[in-house]
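The values are calculated or read from the model by the stated rules, or taken from the named source; none is laboratory data. Predicted model, so just to flag it, every value in this text is computed and none were measured. No Cβ is skipped: glycine too gets one built from the backbone with ideal geometry, and neighbour counts run over all protein chains shown. Keep in mind that these areas ignore ligands, DNA and RNA; they rest on the heavy atoms of the full protein, side chains included. Shrake-Rupley method; radii C 1.70, N 1.55, O 1.52, S 1.80 Å.
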Amino acid sequence: MNNLEDLLFKEITKTPNDILWDLKKRDPNKVVTRIAPSPTWFFHIWTLYTTMVDEIFAHKNNWILFLRSEDTDQKREIKWAMKKYIDILNIFWIRFDEWPIWENLKDVWDFWPYTQSQREEIYKTFIKDLIKKDLAYPCFLTQDEINEIRSIQEASKLPTWIYDNYSPWRNASFDDVKKALESKKEFVIRFKSPWNFTKKIEIFDEIKWRVSIAENFLDIVIQKVWGLPTYHFAHVVDDYLMQTTLVIRWDEWLPSLPLHLQLFDAMNWNSPKYAHISPLVKLDWDSRRKLSKRKDDEANLEYYLENWFLPKAILDFLYNMINAWFEDWRASNLDKNYLEYNFELEKMPKAWALVDLDKLKWVNSNIIKNMDFSDLYDTLVKYLEKYETEFYQNTFLKNDLDYNKKILKELQTRLVTLKEYKELTTFFYNDFKITEDVKKLLINPKMKIENLDIVKSGLNLTLEILTNTKKDFESIDEIKNIFIDEIKKNDLKNGQVLWPVRVALSWEEFSPWAFELIFILWVEKSSYKIKKLLDVL
Ligand code: GLU
């Protein structure tokens, strides 16, 4: 054996042509895009955002969207993370046209496998070919040797990396490589960059348009010590074989684009188009910074779910970050499918998009306000069951369905998230001990209540009205009319009756209005609470 490619890749017997000839052709008129996450347990809001961008453009335009699992970084690979990823996306109704099936190795679509760790032989076939063409080479440098090269470069103020004359194995002889292999030295495969000094190139990006970036002159690793390729190489091969025509990805990859284009060139392939999405940022005092997985709760998608933001609200909030006029359209198209909005790649933010939680709260409360009531009730039940099991079992379910519904109906216009439900309804569900604080709250000069006698007459009048009402009230207005009438007849001021009633029924300063409380609590519960307070006055 006297050629390098066979020496390094004995086990690879196929050639690139064997793979390319077998390849099915996609419809050339279709844009093909993909989302290619690396499986990890942490689900960044950013991942949802980028997936949505792909999904919107794909499904709005009848393109193809496939999902690929980029798990070549085996140290990080977590077996079920990809399943979790798909499950979470299901919550957001995000669909793919093709995706990896992890239970059995063979996916059902033409371009399988969609999991990179299962494509090792394919990558090696192409790497072997690059070696044959002298466009890649094995590198046996140890970490110590790399550090040494780095210090020499630092001393001469040169870029610190492996390239050109600073890559001892770049032009090593066949015999040297053979000897290194025989001595069982570990090696990586590096790409032989055709460029050898810094210059800027201009590229066109579908979001950012003309961008000027540094050309790549580094001999980047394309195959790691343990045999799997790096992201740079693997995605080039996959995007070619899976016939991706538009790569939408985050702009951290933008500086690597010149390398990727060199790799496409080296393989003699046309590259797809690229669209690089700007990062999500937050305001930190008066400056902006990228959302950080370590510092910011809101970087984690679970945070939004645990705080009971509705998936629909999270989506609308993110759509608006994708195209800033979405919100205006949504205001007059509440029930329309988002795909009816004219999203445009070039209208995406070119530098950053701000994650503003107040905005999300606003979107969420608006959706709650406009939700069909029975949907809202079902959603609440689902959330309570999942996140407030104790309250759900021991309080919510123990009460009348109608009672729960009345409460929710009352709160529908005020809830920012459903999480507030439990907190805002304690006085509907619980019986408290009347404390001195409550008594203090009753005296309220602004309402012309200077002493407890006034409180008592207000409460007694209310009891009288409630006792005379045989049935429950039909509407809040009905209660209001009766009360206003009676208060006038008894020569009292509205506040002198309604304030004590509000305190008696809620034991809180900030609560719904007296009429609303009576309407929800009904005659029986309202009378009971008022009597209870009167007893201690
Ligand atoms: N695996 C890469 C990542 O998670 C994918 C980038 C791409 O879409 O090409 O960042």
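Here are the numbers:
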{"quantity": "Qualifying position, being closer than 30 Å to K157 by Cβ, without any contact (Cβ under 8 Å) to a residue 60 or more places away in the chain and away from the ligand (no atom under 13 Å from the Cβ), among K199, K295", "calculated": "K199"}
{"quantity": "Residue count for region 344-399, restricted to those that are aliphatic (A, V, I, L, M) and over 18 Å from L424 (Cα atoms)", "calculated": "11"}
{"quantity": "Residue identified as of a type in the set (A, V, I, L, M, F, W, C) and closer than 23 Å to R190 by Cα among L130, L67, L89", "calculated": "L130"}
{"quantity": "Filtered residues of region 225-252 (kept if closer than 17 Å to L67 by Cα, in contact with a Phe, Trp or Tyr (Cβ under 7 Å, 6 or more places away or on another chain) and not in a strand (DSSP E or B))", "calculated": "A234, V236, V237, Y240, L241, M242"}
{"quantity": "Residue that is among the charged types (D, E, K, R), modelled with pLDDT of 95 or more and open to solvent by 70 Å² or more (accessible area, probe 1.4 Å), where the choices are E186, E206", "calculated": "E186"}
{"quantity": "Filtered residues of region 217-251 (kept if at pLDDT below 95 and either under 17 Å from I277 (Cβ atoms) or within 11 Å of the ligand (Cβ to nearest atom) (or both))", "calculated": "W250, D251"}
{"quantity": "Y274, sole failed condition from (1) surrounded by fewer than 18 Cβ atoms within 10 Å (Cβ to Cβ); (2) touching a strand residue (DSSP E or B) at 6+ places or on another chain (Cβ under 8 Å); (3) of a type in the set (S, T, Y)", "calculated": "(1)"}
{"quantity": "Counted residues, region 393-431 - those being in a helix (DSSP H, G or I) and either within 26 Å of L360 (Cα to Cα) or of a type in the set (K, R) (or both)", "calculated": "13"}
{"quantity": "Region 116-174, subset of a type in the set (K, R) and closer than 30 Å to T15 by Cβ, residue least open to solvent (accessible area, probe 1.4 Å)", "calculated": "R119"}
{"quantity": "Residues of region 36-51 satisfying the condition of being within 14 Å of the chain's Cα centre (by Cα) and near the ligand (Cβ under 9 Å from one of its atoms)", "calculated": "P37, T40, T47, T50"}
{"quantity": "Condition check for T417: open to solvent by 60 Å² or more (accessible area, probe 1.4 Å), among the polar types (S, T, N, Q) and modelled with pLDDT of 95 or more", "calculated": "no"}
{"quantity": "Yes/no for L315 being open to solvent by less than 30 Å² (accessible area, probe 1.4 Å), at pLDDT 95 or above, assigned to a helix (DSSP H, G or I) and under 30 Å from K525 (Cα atoms)", "calculated": "no"}
{"quantity": "Residue, surrounded by the most Cβ atoms within 10 Å (Cβ to Cβ), within region 467-481, restricted to residues that are of a type in the set (S, T, N, Q) and assigned to a helix (DSSP H, G or I)", "calculated": "N481"}
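To keep it simple, each residue is scored yes or no on (1) of a type in the set (K, R); (2) buried (at least 22 other Cβ atoms within 10 Å of the Cβ).
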site: K25; (1), (2): yes, no
site: P37; (1), (2): no, no
site: F42; (1), (2): no, no
site: D54; (1), (2): no, yes
site: I78; (1), (2): no, no
site: A81; (1), (2): no, no
site: F92; (1), (2): no, no
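Listed here are the residues, each with its yes/no results for (1) under 28 Å from the mean Cα position of the chain (by Cα); (2) of a type in the set (F, W, Y).
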| position | (1), (2) |
| --- | --- |
| R190 | no, no |
| S212 | no, no |
| N216 | no, no |
| D219 | no, no |
| W226 | no, yes |
| P255 | yes, no |
| H260 | yes, no |
| N270 | no, no |
